[in-house]
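Enquirer: Structure in structure tokens, see below.
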Amino acid sequence: MQAIIPYLLYKDCDAALTWLARAFGFEELLRYTGAEGYVSHAEMKLGEARIFMGDPGEQYRNPRELGQDTVGLYVYVDDVDAHFERAKAAGAEVIRPPEDQEYGDRRYDVSDPEGHRWYFASHVREAALEEWGATVS
């Protein structure tokens with residue numbers, strides 16, 4: 001098996017596990033609480049997609065504390081509009097509501113409580129590369 005699995009860092013991984021399940025529908029697969037008393041590793045899934053998470057300790061500064069995005073996660077869901085309503089109701093910071101994109105996705109952008117940027121989308125139409133200015137090299 002080959003896969004890319006994002007490993008997200010959270011100051012409060014325990015709270016992030018709860019929030020990501022409520023807001024985005026992730027399912028917790030495992031959590032490991034180390035001797036220090038905090039969640040040092042956890043795993044969640046949404047459909048077949050997975051994320052790993054951990055609390056790296058006191059020296060870590062999350063994107064909200066840094067005042068800038070550090071990474072963006074692009075996630076496909078079946079019904080982006082319903083997913084948006086769920087995320088908004090759970091308190092996700094809305095950056096951009098659902099909009100049709102020129103490349104064929106309907107997408108919205110939010111930040112989680114620690115400032116990680118999430119892009120959720122549904123593919124709603126086929127768009128030829130030349131329609132939106134993309135090329136293949």
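Enquirer: Against the condition open to solvent by 90 Å² or more (accessible area, probe 1.4 Å) and not β-branched (Val, Ile, Thr), how does residue 85 come out, does it pass?
Expert: Spelling it out, residue 85 is indeed open to solvent by 90 Å² or more (accessible area, probe 1.4 Å) and not β-branched (Val, Ile, Thr).
Enquirer: Please state which one of 90, 42 is more than 25 Å from residue 4 (Cβ to Cβ) and surrounded by 12 or more Cβ atoms within 10 Å (Cβ to Cβ).
Expert: Selected residue: 90, the only one of 90, 42 that is more than 25 Å from residue 4 (Cβ to Cβ) and surrounded by 12 or more Cβ atoms within 10 Å (Cβ to Cβ).
Enquirer: Considering only the stretch 54-75, how many residues are part of a loop (DSSP other than H, G, I, E, B), over 16 Å from residue 95 (Cα atoms) and open to solvent by less than 90 Å² (accessible area, probe 1.4 Å)?
Expert: The number of residues fulfilling the criteria is 5.
Enquirer: Follow-up. Which of the residues belonging to the stretch 38-50 are under 18 Å from residue 11 (Cβ atoms), assigned to a strand (DSSP E or B) and in contact with a helix residue (DSSP H, G or I) (Cβ under 8 Å, 6 or more places away or on another chain)?
Expert: If the condition is that a residue be under 18 Å from residue 11 (Cβ atoms), assigned to a strand (DSSP E or B) and in contact with a helix residue (DSSP H, G or I) (Cβ under 8 Å, 6 or more places away or on another chain), then 39, 40, 42, 44 are the ones that fit.
Enquirer: Still on this structure: I'd like to know if the stretch 95-118 contains one or more residues that are in a loop (DSSP other than H, G, I, E, B), free of Cβ contacts under 8 Å to residues at least 12 places away in the same chain and over 22 Å from residue 21 (Cβ atoms).
Expert: Looking for residues that are in a loop (DSSP other than H, G, I, E, B), free of Cβ contacts under 8 Å to residues at least 12 places away in the same chain and over 22 Å from residue 21 (Cβ atoms), one finds none in the stretch 95-118, hence no.
Enquirer: Please give the number of the condition residue 32 fails out of (1) open to solvent by less than 20 Å² (accessible area, probe 1.4 Å); (2) over 23 Å from residue 86 (Cα atoms); (3) in a strand (DSSP E or B); (4) not basic (Lys, Arg).
Expert: Exception for residue 32: condition (1).
Enquirer: A further question on this structure: State whether one or more residues within the stretch 17-26 are in a strand (DSSP E or B) and open to solvent by 50 Å² or more (accessible area, probe 1.4 Å).
Expert: Looking through the stretch 17-26, none of the residues is in a strand (DSSP E or B) and open to solvent by 50 Å² or more (accessible area, probe 1.4 Å).
Enquirer: Would you be able to say whether some residue in the stretch 51-69 is free of Cβ contacts under 8 Å to residues at least 24 places away in the same chain, out of contact with any Leu (no Cβ under 7 Å at 6 or more places or on another chain) and among the small types (Gly, Ala, Ser)?
Expert: Looking through the stretch 51-69, at least one residue is free of Cβ contacts under 8 Å to residues at least 24 places away in the same chain, out of contact with any Leu (no Cβ under 7 Å at 6 or more places or on another chain) and among the small types (Gly, Ala, Ser).
The values are calculated or read from the model by the stated rules, or taken from the named source; none is laboratory data. Predicted model only: the values in this text are computed from it and were never measured. When we count neighbours, we look across all protein chains shown, and the Cβ atoms used for this are built from the backbone with ideal geometry, even at glycine. Surface accessibility is based on the protein's heavy atoms, side chains included, excluding ligands, DNA and RNA. Shrake-Rupley method; radii C 1.70, N 1.55, O 1.52, S 1.80 Å.
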